[in-house]
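Readers should treat all values here as calculations from the given coordinates under stated rules, not as data from a laboratory. On a predicted model such as this, the values are computed, not experimentally measured, just so you know. A quick note on method: Cβ atoms are made from the backbone with ideal geometry, for glycine too, and the neighbour counts reach across all protein chains shown.
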Amino acid sequence: MFKALGNLNVLEILRVGLAGLCFLLSLLAFWLIQREQQRAASPRKGILQATYIFMSVNFLAAVLVGVAGYLGPRQQGGAGTGDLGAKTYLTDSLIFLVDLTKWTEQAGGPVDITRTDNIRKVSATSDDYVIPYFTTGRGIEAKFLSYSQQPEFLGPKEQHGAAGKHYSYRIPVGGQPAGSTESVSSIFTFLDGFGNPTHEWWQASVAYPSKTVSVVIRFPDGKPCKKIEVSKVPGIGENQPIRNNEPVLSNERVIATWVGLNIEGNSRMQFDWDW
């Protein structure tokens, strides 16, 4: 039982909030009771009584925190709370899986990027949900995995004064009523464009306010990540390095993980790495 507790992903459980904390405390109380029952002699009444008191205090703390959260003052809307000032669409969660395992130095690719948008329409706009894409390479291919309204991937086209080939990823939800939700997942294959064998970069487009942006980058087994940094590019502004929330490297540095909260729209998250 103790080994099972050690294998729990405590951080992910605590992300749930109060419910996750109560779960962990209840599990600990159960473990304490089980350890006492496994003794060869009869369970010690003092230990059991202390465990019951521990459980009662946990339950009381959960009730007090829950009541305080319900009766306490509500935060005003704005960046970091509520709908993040979204005017048309809000992305409840935006998930990227960047797969570099097929990459070769000779080809500069291919790189498969799976994107999942969990969309919430917050207005009566008739405009569709549109994400810009571009590549400095030969092109991008799209494959739609899951949707209720089939997306479109339009392009490539040239933009005056802008390098590379530009595309539009369009999800046709403009005809849906305000308050409706949509979840869409697609794979975008960059044929090349990742030609630097020592230092590369990639940007995640966050066109609409997003509560959560999650990025997992999978490096080739023989080419692990040496160093990776993340920055935010608001609109057409300059890169703003993020120092207080850096990507985490794991699995012998072939997996990089980053999660950002409350990201404003019309921005991009840029990842720069040495490999």
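What to note about this one:
- With a Förster radius of 35 Å applied to the beta-carbon distance between Lys227 and Gln149, the computed FRET efficiency rounds to 0.30.
- Reachable aspartates and glutamates, given that their alpha-carbon falls under 15 Å from the alpha-carbon of Lys227 and they are not under 8 places away in the same chain: Glu200, Glu246, Glu252, Asp272, Asp274
- With 21 Å as the limit, the listed pairs Lys87/Lys165; Lys165/Lys226; Lys211/Lys232 have Lys87/Lys165; Lys165/Lys226 beyond it between alpha carbons.
- Point-charge dipole on Cβ atoms (K/R +1, D/E -1) for segment 136-275, about Cα centre, debye to 20: 60 debye
- Calculated FRET value between Ile236 and Leu261, using beta carbons and R₀ = 22 Å, to 0.05: 0.40
- Of the trypsin sites (Lys or Arg not before Pro) found in segment 221-265, those that fall in a DSSP loop while having at most 11 other beta-carbon atoms within 10 Å are Arg243.
- Alpha-carbon centroids, segment 90-168 and segment 191-264: separation in whole Å: 16 Å
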